[in-house]
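Taken together, the values in this text are just the output of simple stated rules run on the coordinates, not laboratory data. Only a predicted model underlies this, so the values are computations on that prediction, with no experimental measurement involved. For neighbour counting, all protein chains shown are included, and Cβ atoms are generated from backbone atoms with ideal geometry for every residue, glycine included.
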Amino acid sequence: MTPAPDPSLGFPWIVTDLDGTLVDRDLRIVERSALALRRYQELGGTVVIATGRNEVSAGRYHRELGLTTPMIVYNGARVVDPVSGARLLDLDLGPAWQPLREHLLPVLPEGVGAVAFAGGEAYVLRHAPSLAAYAGRDRIELREDPPERAPTKVMLIADRPGLGALAELTARHCPGARLLQSEDTYLEVLPAGAGKEVALRFLAERAGVPMERIAAIGDNPNDTAMVRAAGLGAAVGDGHKEVRAAADIVVGPCALGAVADLVERVLAGAGR
């Protein structure tokens, strides 16, 4: 259950991305940011994680922070209550799945791998050398059998940055899907109605928290709409230029405590 907002805080919710925002390149939560979030919670603030990871991969960070709030996972295609295990929002690719499988996969460029996520499992749709590093980073196991139903999302993983041509190809074959770049080499194919900002609006309305009283922070293009929709949108200093351009404020780099910078800004505004 998401707590009611603390009226003494100007921004009683802070929503944070994980990788490149709260979590550094060594896959650890930046200590300064962790300490700041704990202080924010002690003062009555609510912390929500919004990530492209699934609930298993994101869950370890959620537990490390001592959170009980719902998690926005799969870039907003799913919202999970970790206490009850209930899926508060659960979308899948639906009609976009067949054209993706039958028309896009056979024409993907050399070096591009594809992974489908369905029912909490990850399925290899197309092999590529980049898949091993991806699975290791997110600590997921890749299955070789095909998914039995339309997946929540498909991740296209390139072997080098520069996703423009891949995005154009994917849009041509999957016009009913939403495409998001979550890293320099990751293109995510999501249900048309999915997005971190959509899931955040869903959660905020459910908890009775106005969007203008939510602070959100991210580093990559998949965070841009969420950062723009929040009352206070923050971009990580070493994040993508698109997010920095959309943000109200630009804070320091992830490794130096970008999330802590945002917390300090929020608490200073509340006189804490």
Give the residue from Tyr186, Leu131, Pro253 lying farthest towards the positive end of the charge dipole for the chain; charges sit on Cβ (+1 for Lys and Arg, -1 for Asp and Glu) and the dipole is referred to the Cα centre. Pro253
To the nearest 20 Debye, how big is the dipole of the chain about its Cα centre, given +1 on the beta carbon of each Lys and Arg and -1 on that of each Asp and Glu? 360
Rounded to the nearest 20 debye, dipole of segment 133-272 from Cβ charges on Lys, Arg, Asp, Glu: 380
Using the 10 angstrom Cβ neighbour count as an exposure proxy, how do Ile14, Ile72, Ile249, Ile140 rank, fewest first? Ile249, Ile140, Ile14, Ile72
In a GNM of the chain with a 10 Å cut-off on Cα contacts, which of Ala36, Ala86, Ala216 has the highest mean-square fluctuation? Ala86
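Determine the sum of side-chain charges near Val259: Lys and Arg each +1, Asp and Glu each -1, restricted to other residues whose C-beta is under 12 angstrom from that of Val259.
For residues surrounding Val259, the net value is -2.
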Please tell me the relative contact order of the chain in percent, rounded to the nearest whole number, where contacts are Cα pairs under 8 Å and at least six residues apart. 22
Candidates Ala133, Ala258, Ala207; GNM for the chain (alpha-carbon contacts under 10 Å) flags as most fluctuating Ala133
Sorted from fewest to most neighbouring beta carbons within 10 Å, what does the list Asp19, Asp26 look like? Asp26, Asp19
From the Cα centre of segment 171-217 to that of segment 39-67, the distance in Å is 18
Can you tell which of Pro106, Pro210, Pro253 shows the greatest fluctuation in a Gaussian network model of the chain with Cα springs below 10 Å? Pro106
Once you treat every alpha carbon in segment 159-272 as an equal point and sum by Debye, what is log10 I(q)/I(0) at q = 0.13 Å⁻¹? -0.56
Under 14 Å, Cβ to Cβ, from Val112 - net charge with Lys/Arg +1 and Asp/Glu -1: -4
Residue among Val112, Gly85, Ala122 farthest towards the positive dipole end of segment 61-156, charges placed on Cβ: Gly85
Are there trypsin sites (Lys or Arg not before Pro) in segment 103-149 that DSSP puts in a loop and that have at most 15 other Cβ atoms within 10 Å, and which ones? Arg139, Arg149
Can you tell me the length gained on complete extension of the stretch Glu110 to Arg60, counting 0.36 nm per residue apart and subtracting the Cα distance? 14.6 nm
Which GluC sites (Glu not before Pro) does segment 76-129 hold that lie in a coil by DSSP with at most 13 other beta carbons within 10 Å? Glu110
The answer for the chain, counting only DSSP H helices whose Cα atoms cover 27 angstrom or more along the axis and whose Kyte-Doolittle average is -0.5 or greater, is none
